[in-house]
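Below: the structure, in structure tokens.
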Amino acid sequence: NEGALWGGRFAGGPADALAALSKSTHFDWRLARYDVAGSRAHARVLHTAGLLDDAELQGMIAALDQLDADVVSGAYTASESDEDVHGSLERGLIERAGTALGGKLRAGRSRNDQIATLGRMFLRDHARIIARGVLDTIDALIAQAEAHPNAAMPGRTHLQHAQPILLSHHLLAHAWAMLRDVQRLADWDKRAAVSPYGSGALAGSSLGLDPNAVAAELGFDSAVWNSIDGTASRDVFAEFSWVAAMIGVDLSRVSEEVILWATKEFSFVTLDDAYSTGSSIMPQKKNPDVAELARGKAGRLIGDLTGLLATLKGLPLAYNRDLQEDKEPVFDAADTLELLLPAVSGMMATLVFNTERMAELAPLGFALATDIAEWLVRQGVPFREAHELSGAAVKLAESKGVELWDLTDAEYAGISEHLTPEVRSVLSTEGSLNSRSAQGGTAPSAVAAQLDALKEQLDAV
Ligand code: ARG
């Protein structure tokens, strides 16, 4: 087993079945450049500790730079016999620096502290890419909200008509959830910015190496305070995966609405041709596949999280090989979101809203009944009674097959002396919307203020 990182105490090489099972280069190779960066930093602390002289450090860095360039160009790749990215890159280093020098680099480090560190470096980079994608989606929602400042739509609870709302208010509800996702990624990064390098296999190093120097070179804020925690914990991976799943769920929820809105029955939106697909048999079809894939991929992201948590749940301290299973779920989560976010933001940005139809439907289904009840409260009627009286108006209108504003003054008066003709001031979508003007409400003035607050928080992330 030439080139393996271990073997001194073994009489023979691993069985083919073990070698195949053990192998991770097909997925951990994407950490190769982070591994080389870690090696450069490690070489420098070996030098500071007096374990590499000046010429050796220079030779080591030159060989690592060459290796890095060969990894980037594809001139150097993992071979069939390499177990993982770390072993393969040691082979590559020795090919470039010679055995005497190349063989010195492994002192004071372990694949256990390496992999825990490289994973964090990878995820920190990808968290930034994902945050950018979520911000683009938020920008698309804001642009649609700003393009339709006064458009009304039916607001729903239980998917039933509830109260009229502004389309912009509805769209920004999704934006706020996504803003929190971006904030979560930024907050997560504080916990991810701690480097396990220097923890060794589990107990730290006896060689006088400075973990904080490595941490600083690799862009971390600090080094871990506990080498066992550094090598064996993966909560930082799990938290990343949870935020990724939450982003997936948030994209799925807005996508579900786009799917409904694009139906003949709703007819609220038309999808841009560039973000819809056709049918191989039905020539008329225009399908919301982007939104459906977003809904589907949320399931996949949840699966990545639950798989990782299940891997972690029974593990005793410190490192166990089970932890090799930590990478594919988080890589998949990052890949999935990086694929999905540009499609969802593009779909959102290009949606065409049928605002006329939405406004027409906004007050239907007796959606102004709450306005009648609240109007009565403003006339001094206790809400409990006001609710009953408005309910009686709904019952009457429903039995006659008309809307609330079609009932006559006499019919209102017949329900209660409190229901004077002045009640008509709230029997319109506009009156209803304008009345909900406190912070967080759907009045145009409140939504304008909301938009300012949202932009302020976006500027702060
Ligand atoms: N390939 C391993 C992983 O992904 C690296 C650490 C292996 N350590 C060990 N002692 N076998 O977790």
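The values are calculated or read from the model by the stated rules, or taken from the named source; none is laboratory data. Given the structure is predicted, the values throughout are model-derived calculations rather than measurements. Here the Cβ positions follow ideal geometry from the backbone for every residue, glycine too, while neighbour counts run over all protein chains shown.
A few points about this structure:
- Members of segment 196-220 found to be more than 16 Å from the ligand (Cβ to nearest atom) and within 19 Å of Phe122 (Cβ to Cβ), listed by number: Val214, Ala215, Ala216, Glu217, Leu218, Gly219, Phe220
- Pairs are defined by a Cβ separation below 6 Å, a sequence spacing of at least 6 or placement on different chains, a first member in segment 312-325 that is outside the structural domain of Val236 (by TED's automatic domain parsing), and a second member that is of a type in the set (A, V, I, L, M, F, W, C); no pair meets this definition.
- Considering (1) more than 30 Å from Trp188 (Cα to Cα); (2) in contact with an Asp or Glu (Cβ under 8 Å, 6 or more places away or on another chain), the lone condition that Gly119 does not fulfil carries the number (1).
- Residue satisfying condition, being closer than 17 Å to Gln450 by Cβ and of a type outside the set (A, V, I, L, M), within set His169, His158: His169
- Residue that is surrounded by the most Cβ atoms within 10 Å (Cβ to Cβ) [pool: residues in segment 344-397 that are more than 41 Å from the chain's Cα centre (by Cα) and among the β-branched types (Val, Ile, Thr)]: Ile372
- All positions within segment 347-362 that are hydrophobic (A, V, I, L, M, F, W, C), part of a helix (DSSP H, G or I) and in contact with a Leu (Cβ under 8 Å, 6 or more places away or on another chain): Met347, Met348, Met358
- Which listed residue, of Val258, Val344, is in a helix (DSSP H, G or I), in contact with a strand residue (DSSP E or B) (Cβ under 8 Å, 6 or more places away or on another chain) and at pLDDT 95 or above: Val258
- Some residue of segment 166-186 being among the basic types (Lys, Arg), out of contact with any helix residue (DSSP H, G or I) (no Cβ under 7 Å at 6 or more places or on another chain), surrounded by fewer than 22 Cβ atoms within 10 Å (Cβ to Cβ) and at negative phi: yes
- Under the condition of being more than 13 Å from Leu179 (Cα to Cα), of a type in the set (Val, Ile, Thr) and surrounded by 24 or more Cβ atoms within 10 Å (Cβ to Cβ), the residues counted in segment 111-142 number 2.
- The lone exception for Arg96 - which of (1) within 16 Å of the ligand (Cβ to nearest atom); (2) among the basic types (Lys, Arg); (3) farther than 30 Å from Asn226 by Cα it fails: (1)
- Remark: pairs (first residue in segment 440-461, within 11 Å of Ser168 (Cβ to Cβ); second residue assigned to a loop (DSSP other than H, G, I, E, B) and acidic (Asp, Glu); Cβ separation under 6 Å; 6+ apart in sequence or on different chains) are absent.
Yes/no per residue for (1) among the aromatic types (Phe, Trp, Tyr); (2) closer than 20 Å to Asp35 by Cβ; (3) without any contact (Cβ under 8 Å) to a residue 24 or more places away in the chain; (4) outside the structural domain of Arg295 (by TED's automatic domain parsing):
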| position | (1), (2), (3), (4) |
| --- | --- |
| His170 | no, no, yes, no |
| Ala175 | no, no, no, no |
| Arg180 | no, no, yes, no |
| Pro196 | no, yes, no, no |
| Ile228 | no, no, no, no |
| Met246 | no, no, no, no |
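- Criterion: outside any helix (DSSP H, G or I) and of a type in the set (Phe, Trp, Tyr) - qualifying residue of Phe331, Phe266: Phe266
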